[in-house]
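Worksheet for the structure shown next.
The values are calculated or read from the model by the stated rules, or taken from the named source; none is laboratory data. This one's a predicted model, so the numbers in the text were calculated from it and none came from an experiment. Cβ placement follows ideal geometry from the backbone for every residue including glycine, while neighbour counts extend to all protein chains displayed. Side chains included, ligands, DNA and RNA excluded: accessible areas come from the protein's heavy atoms. Shrake-Rupley method; radii C 1.70, N 1.55, O 1.52, S 1.80 Å.
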Amino acid sequence: MKLLVTGAAGFIGANFVRLMLKGRGTGKYKVIAFDALTYAGNLANLKDFEEQEDFEFIKGDIRNPEQVETVMEDVGAVVNFAAESHVDRSILAGADFISTNIDGVRILAEAAVRHGVKRFIQVSTDEVYGSLESTGLFREDTPLHPNSPYSASKAAGDLLALAWQHTFGLPVIITRCSNNYGPYQFPEKLIPLFITNLMEDKKVPVYGDGMQVRDWIHVMDHCRAILIVLEKGRVGEVYNIGGGNERTNIDITRRILRLLRKDESFIEHVTDRPGHDRRYAIDASKITGELGWRPEVVFEAGLAETIEWYRNNESWWQAIKSGDYLNYYQQQYGRRGVIG
Ligand code: NAD
Ligand code: TYD
C-alpha cells in the first residue's frame, strides 16, 4: 500500500518513517514522505532512507491544493503529522498555525475523499483537552478546552477531520498523544533544548516555578501506537496515547542535569509562558484495551538513551543551532522529488 506521511521530515514523522521502513512496518508499505521543510523539517532526519526503493521524498505544502492533489494519486492511507507544533511560537505568531493545522487538514481531507483513501490518521495532541488540576486524567470524551493558539488550532483540525468522516465518509481516526521525547527532536522543545544547552555549557531556562506536569512518552512508543491505529483502529474514533509517566518540569531538568553531570547552578528560572497549562495526564485505557498497545520504553532508560543520541549526533543539532541544516536540501538533494 502507498502510505502518504505528511510532515515526515519533522521529529515524530521521521521516527514513524523509520518504524515503517526499518522497524515493525517493514515490507508492507511504500512511504511517500511529503513535507514543506519549514524551520522544523530537516531532510537529514530522512537520509537513512534516501536510497530505498520503498521510500520517496516529495517537497510540498499541505496548504497547496495542487501539490496535495498530485501527491494523493494512488495513496491508500494518509498519516498527517504536518503541523506547526511549538506552543511558544504560536504565542509569538499564530498565522502559520491556523493555515497549516486547520486549513491544511481541510485540503488534505478534500483530496483524500476524491482519491478514495482507505485510512486517514490525524495525529493530534492531548493539549486539545486543556489543563488539569493535580488530579484527573484526559479521556477521549473529556470536553475540548484548548488554551494556546497551538492547541486551539489542533482542536479545530481534529473537529474538521471528524466532520469529513461524518459528512463525506472519509475514514478518519484521530490520535491524541502526550509529550514525546527521543532522537531527532528539534532543540526548541524542553528535553532536547536542555540537553543541547548543557552540552554547550549553557544554562537551561525553566519557566515559572517548574512545577508544571507533562506525561512523557518515547517517540517510538507513540509511533508504534499510530501503526496499530492505522491497521486496527476503528474509523471515526479518537484514541488517546500516553506514557503513564507524569513528571514535573523541574524533575525532568534535575534528571538531565544529573545525567550530564552538571549542578543546579545551570538552572535559570525565567518568566513563565503566558497561559501556561499546568498539567497534562492521559488515560490510555481505550487503546490499551481495544488495540492491545502498551508503551515499551521505561522513561529513565529512554531519557538516558536520548542523551546518548544527542551526544553521538552533535553535528545534527549543531547544524540546527547554527542554521546550516536549512541548506541541506539544496546541498544533498538538489531538486529531485520536488513538485512544481
Ligand atoms: P515538528 O514540528 O518536529 O514537525 C512538523 C513537520 O511538519 C516539519 O517537518 C515541518 O516541515 C512539517 N510542516 C509544517 N507545516 C507544513 C505544511 N504546511 N505542509 C507540509 N509540511 C509541513 O513536529 P512533531 O513534534 O514531529 O509533531 C508532529 C505532529 O504530532 C504534530 O501534528 C503535532 O501536533 C503532533 N504531536 C506532537 C507531540 C510532541 O510532543 N512533539 C505530541 C503529540 C502530538
Ligand atoms: P514543550 O517541550 O514546549 O512542550 P509543550 O509546551 O507542548 O508541553 O514544553 C514542555 C514543558 O516545559 C512545558 O511545561 C513548558 C516547559 N518549558 C520550560 O520550562 N522551558 C523551556 O525552555 C521550554 C521550551 C519548555
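Of note:
- Test result for Gly289, within 20 Å of His222 (Cβ to Cβ) and more than 16 Å from ligand 1 (Cβ to nearest atom): yes
- Checked against (1) near ligand 1 (Cβ under 9 Å from one of its atoms); (2) open to solvent by less than 10 Å² (accessible area, probe 1.4 Å), Phe57 meets all criteria but (1).
- Here the condition is being at pLDDT 95 or above, buried (at least 23 other Cβ atoms within 10 Å of the Cβ) and over 24 Å from Ile173 (Cα atoms); of Leu46, Leu4, it holds for Leu46 alone.
- Scanning region 142-168 for residues that are open to solvent by 20 Å² or more (accessible area, probe 1.4 Å) and in contact with a strand residue (DSSP E or B) (Cβ under 7 Å, 6 or more places away or on another chain) turns up Leu162, Trp164, Gln165.
- The set of residues in region 272-291 being open to solvent by less than 50 Å² (accessible area, probe 1.4 Å) and either more than 30 Å from Ala152 (Cα to Cα) or not in a loop (DSSP other than H, G, I, E, B) (or both) consists of Arg279, Ile282, Lys286, Ile287, Thr288, Leu291.
- Of all residues in region 88-107, those satisfying the criterion of being near ligand 1 (Cβ under 10 Å from one of its atoms) and in contact with a helix residue (DSSP H, G or I) (Cβ under 6 Å, 6 or more places away or on another chain) are Phe97, Asn101, Val105, Ile107.
- Residue within region 14-27 that is surrounded by 24 or more Cβ atoms within 10 Å (Cβ to Cβ), farther than 21 Å from Ser315 by Cβ, within 15 Å of ligand 1 (Cβ to nearest atom) and not aliphatic (A, V, I, L, M) present: yes
- Among the residues of region 201-231, those that are touching a residue at least 60 places away in the same chain (Cβ under 8 Å), within 9 Å of ligand 2 (Cβ to nearest atom) and open to solvent by less than 10 Å² (accessible area, probe 1.4 Å) comprise Val204, Val206, Gln212.
- Any hit, region 234-244, residues being more than 30 Å from His166 (Cβ to Cβ) and out of contact with any Leu (no Cβ under 6 Å at 6 or more places or on another chain): yes
- Residue match in region 185-196 (condition: under 16 Å from Phe81 (Cα atoms), among the aliphatic types (A, V, I, L, M) and more than 11 Å from ligand 1 (Cβ to nearest atom)): no
- Conditions (1) among the β-branched types (Val, Ile, Thr); (2) closer than 25 Å to Gly25 by Cα; (3) within 16 Å of ligand 2 (Cβ to nearest atom): number failed by Val87: (2)
- Yes/no for Phe34 being more than 22 Å from Glu314 (Cβ to Cβ), open to solvent by less than 10 Å² (accessible area, probe 1.4 Å) and assigned to a strand (DSSP E or B): yes
- Residue selected from region 310-326 under the condition open to solvent by less than 80 Å² (accessible area, probe 1.4 Å) and in contact with a helix residue (DSSP H, G or I) (Cβ under 9 Å, 6 or more places away or on another chain), by the criterion modelled with the lowest pLDDT: Tyr325
Condition check ((1) within 16 Å of ligand 2 (Cβ to nearest atom); (2) free of Cβ contacts under 8 Å to residues at least 40 places away in the same chain; (3) assigned to a loop (DSSP other than H, G, I, E, B)) across all residues:
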position: Gly27; (1), (2), (3): no, yes, yes
position: Thr38; (1), (2), (3): no, no, yes
position: Arg63; (1), (2), (3): no, no, yes
position: Thr70; (1), (2), (3): no, no, no
position: Val75; (1), (2), (3): no, no, yes
position: Ala83; (1), (2), (3): yes, no, yes
position: Gly104; (1), (2), (3): no, no, no
position: Leu108; (1), (2), (3): no, no, no
position: Ala111; (1), (2), (3): no, no, no
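- Any hit, region 172-182, residues being over 17 Å from the mean Cα position of the chain (by Cα), outside any helix (DSSP H, G or I), among the charged types (D, E, K, R) and surrounded by 16 or more Cβ atoms within 10 Å (Cβ to Cβ): no
- Consider region 244-271 and keep the residues that are outside any helix (DSSP H, G or I) and charged (D, E, K, R). The one that is nearest to Asp215 (Cα to Cα) is Glu246.
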